[in-house]
Amino acid sequence: MTQRAVDGGSLLKVYVGVDPEGRRHREADTVRRAAHRGLSVPEVLATGMCDAGSWSVFRMLPGVPCGVRTNRAIEEYIDHVVGLTDKLHRSSPELTPGSGWSGEGRSPAPQHQFLLDQLSPRCRKRSWWAALAEALQPLESHPVVYLHGDLKPEHLLVDDYQLSVVDWEASARGPAVVDYADVVFHLVRDLLYGGVKPGRVPIDLMTRLPFSGPVLAWRLLLWLDRRRPQDIDLVAVRDVHQLAAEDHAPTAYASLAGAVSALRAAGVPR
Ligand SMILES: Nc1ncnc2c1ncn2[C@@H]1O[C@H](COP(=O)(O)OP(=O)(O)O)[C@@H](O)[C@H]1O
Ligand SMILES: [Mg+2]
C-alpha cells in the first residue's frame, strides 16, 4: 500500500501480506546498493515497524511510468529495459543465487533450485514438476547477476533526463533471464487482461530480449501458484511441457499468450 505526501515530496509504503519485515529490509538494502552502482532509485528517508505494520518513506522521483497502450510505447519501454539491464545485470565471481542483493552468511542454492524454491510445496506433486526441474538445470552455466525481480512498466519512471526505477522488494541474485521473463510475462498478461486478442500481442517487439523457455514456463507457474489455491490445476500440462522445451522466442511468446488467454477465460484473476 502506498500513499503520497500532500507536498508530493515523499511516498509512504506499508508492507502488507507475505513477510513484510523481510520485504522492507530487502528493499531498503537494495536501493542503497543500487544507488552506489549509479542507478536512479528512491532514497529511503525513514523506515521502521510499528503496531500498524512495517513501513518505509521514500523520496519521490521525477518522471512518469512507462506505458504499453501503443506499439510505440511498448518499443520505448523495451528500450528502457535494455538500457537498465545493461547497467544492472553485472556479475561477479563471488555472487551466489538468492533473495536480495546481499547474500552473506547463507549457504547458496543452485540457480534452478532458487527458482523452484519460490513455488509452493503443492507444486511438487504436479505432473509437470519433474520436467520443469530438469529443463531449468542448464541455468547452472548462466552467470549470477543482480536482478530487479519485478520489472514492469509502472516500475520504470521516465523524464527528459533519466530513467528511475522503483519497487525493489523482490530484488534477487540469479540468472539475467529471470528479469527478462518477468518483462515478457507482465507485458503479455497485462495486454491480454486489458482485452487484446492473443494474435494481436506484438511479439516481434519483445524478441530483442534474451530468452529462456524453461524460465518463462516457471514464471507462468509462479503467477498461477500465487492466485487462488485451485488455479494451478487450470494450466494445460502440455502447455507447460511445450513452453519448457521451447528454444525459439517468437513461438514461445505465442504459446504463452495462448496459455494466459485460456487461463483468463477459465476465470483466473489477473
Ligand atoms: N519514489 C517514487 N517516486 C515516484 N513514484 C513512485 C515512487 N515509488 C513508487 N512510485 C509509484 O507508485 C507505484 C507503487 O509503488 P511500489 O513501490 O511499486 O509499491 P507496491 O509494492 O504497492 O507495488 C509505483 O508503481 C510507481 O509508479
Ligand atoms: Mg509495485
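Of note:
- Check on PRO42, touching a Leu at 6+ places or on another chain (Cβ under 6 Å) and outside the structural domain of VAL183 (by TED's automatic domain parsing): yes
- Within segment 121-158, being within 13 Å of ligand 2 (Cβ to nearest atom) and buried (at least 16 other Cβ atoms within 10 Å of the Cβ) holds for HIS148, GLY149, ASP150, LEU151, LYS152, PRO153, HIS155, LEU156, LEU157.
- Within segment 27-44, the set of residues being more than 15 Å from ligand 2 (Cβ to nearest atom) and either farther than 29 Å from VAL82 by Cα or of a type in the set (D, E, K, R) (or both) comprises ASP29, ARG32, ARG33, ARG37, GLU43.
- When LEU84 is tested against (1) in a strand (DSSP E or B); (2) in the same structural domain as GLY194 (by TED's automatic domain parsing); (3) among the aliphatic types (A, V, I, L, M), just one condition goes unmet, and that condition is (1).
- Residues that are more than 21 Å from ARG124 (Cα to Cα), in a helix (DSSP H, G or I) and either in contact with a Phe, Trp or Tyr (Cβ under 7 Å, 6 or more places away or on another chain) or of a type in the set (Asp, Glu) (or both), drawn from segment 224-251: ALA249
- Hits in segment 33-67 (condition: away from ligand 1 (no atom under 14 Å from the Cβ), assigned to a helix (DSSP H, G or I) and farther than 17 Å from ASP150 by Cβ): HIS36
- Residue match in segment 247-254 (condition: surrounded by fewer than 19 Cβ atoms within 10 Å (Cβ to Cβ), small (Gly, Ala, Ser) and farther than 27 Å from LEU84 by Cβ): no
- Conditions (1) in contact (Cβ under 8 Å) with a residue 24 or more places away in the chain; (2) crowded, with 16+ Cβ neighbours inside 10 Å; (3) within 28 Å of GLN113 (Cα to Cα); (4) not charged (D, E, K, R); number of the one not met by GLN242: (1)
- Pairs where the first residue, in segment 47-63, is modelled with pLDDT of 95 or more and the second is of a type in the set (Phe, Trp, Tyr) and in a strand (DSSP E or B), C-beta under 8 Å, 6+ apart: THR47/TRP55; GLY48/TRP55; MET49/TRP55; SER54/TYR15; TRP55/TYR15; SER56/TYR15
- Lone unmet requirement of (1) in a loop (DSSP other than H, G, I, E, B); (2) within 16 Å of ligand 2 (Cβ to nearest atom); (3) in the same structural domain as GLY174 (by TED's automatic domain parsing) for TYR77: (1)
- Yes/no for LEU221 being within 21 Å of ALA135 (Cα to Cα), within 16 Å of the chain's Cα centre (by Cα) and not in a helix (DSSP H, G or I): no
- Options PRO229, PRO175: the member that is touching a helix residue (DSSP H, G or I) at 6+ places or on another chain (Cβ under 7 Å) and not β-branched (Val, Ile, Thr): PRO175
- Selection from segment 1-26 of residues that are within 16 Å of ligand 2 (Cβ to nearest atom), hydroxyl-bearing (Ser, Thr, Tyr) and at pLDDT 95 or above: TYR15
- From the list THR85, THR70, THR30, the lone residue that is surrounded by fewer than 16 Cβ atoms within 10 Å (Cβ to Cβ), more than 10 Å from ligand 1 (Cβ to nearest atom), among the polar types (S, T, N, Q) and modelled with pLDDT of 95 or more is THR70.
- Taken over segment 159-180, the criterion of being away from ligand 2 (no atom under 12 Å from the Cβ), of a type in the set (A, V, I, L, M, F, W, C) and either touching a Pro at 6+ places or on another chain (Cβ under 8 Å) or outside the structural domain of LEU209 (by TED's automatic domain parsing) (or both) is satisfied by ALA172, ALA176, VAL177.
The values are calculated or read from the model by the stated rules, or taken from the named source; none is laboratory data. Quick caveat, the model's predicted, so the values are computed rather than measured. Neighbour counts run over all protein chains shown; Cβ positions are idealised from the backbone, glycine included.
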